[in-house]
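FYI, it's all coordinate maths here, none of it is from the lab. Because the structure is predicted, anything quoted here is derived from the model rather than measured. Please note: Cβ atoms are built from the backbone with ideal geometry, for glycine as well, and neighbour counts cover all protein chains shown.
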C-alpha cells in the first residue's frame, strides 16, 4: 500500500470534519466561545473519529488523536488571528495549509513507526480515491474557498444594491452543480461539454447599470470552473 492512499483518505476525513460535519452556525459558535464552546469539544471528537475511521487501521488511533488535538489547536490559533491580527483575511488559507501539513507529517510518522497494513486500499485505486476526494471538494469546501477568496480581496456587492432580486443561496447551489458537471466532463475527456456549459452560463444577463454585480458573478464563476477543472486534471496524471 502506498502512503499516498492514507494521506488522501486522511484529507477526506479532514474535509468531512471541517466542512461537511459543521455548518455556519457551528463555525460562529466556535469563533465566539472557543475552547469554552460546546461544539468545540464535539468537533474534536468528530475529527478523531473520522481520522481513525478513514485510516482503516486500528493501530492508527493514537495518530488520529494527534491529528485531532492539533486540529483543535489550529482552530484556537485561527480564532486568535481572526480577532487580533491584520492577517485575518488569509487566516482560512493558512489554517487549511497547516491542517494538510499536519496530516502529511503524522502519516509519515505512522509509516516510519508502525508501517502500513493492507485494507480497503487493496480494492480501491489511488486514482479512484482522488476522484472521490475531488467530488467532495466540489461540494461545500469549494463554496467556502470562493467566499474566503472574495473576503481576502475585499470583493463585495455594495449595500445599495437592490435586495430580494435573487433567490437565497441560489449561487451556492449553482456553484455546486456546475463544479460537479465540469469535473465529470473533464474526467470523461469531454471538453466540448465544458465549453457548452460555459456558453449556457453566458445566458445570464445584467442591465448596463449592474456592472458590479455582473463582475461579481463572473469572478465567482471563473473560480468555480477553475477549481473543478483543476481537480479533474489531477487524476489524469495517475
(message) What distance in nm separates the two pseudo spin-label positions at residue 237 and residue 97, each 7 Å out from Cα along the beta-carbon direction?
(response) 1.9
(request) Between residue 123 and residue 89, take the C-beta separation as r, use R0 = 45 Å, and let me know the FRET efficiency to the nearest 0.05. (result) 0.55
(request) Subtracting the Cα-Cα distance from 0.36 nm times the residue separation, let me have the gained length for residue 112 to residue 155 in nm, one decimal. (result) 11.0 nm
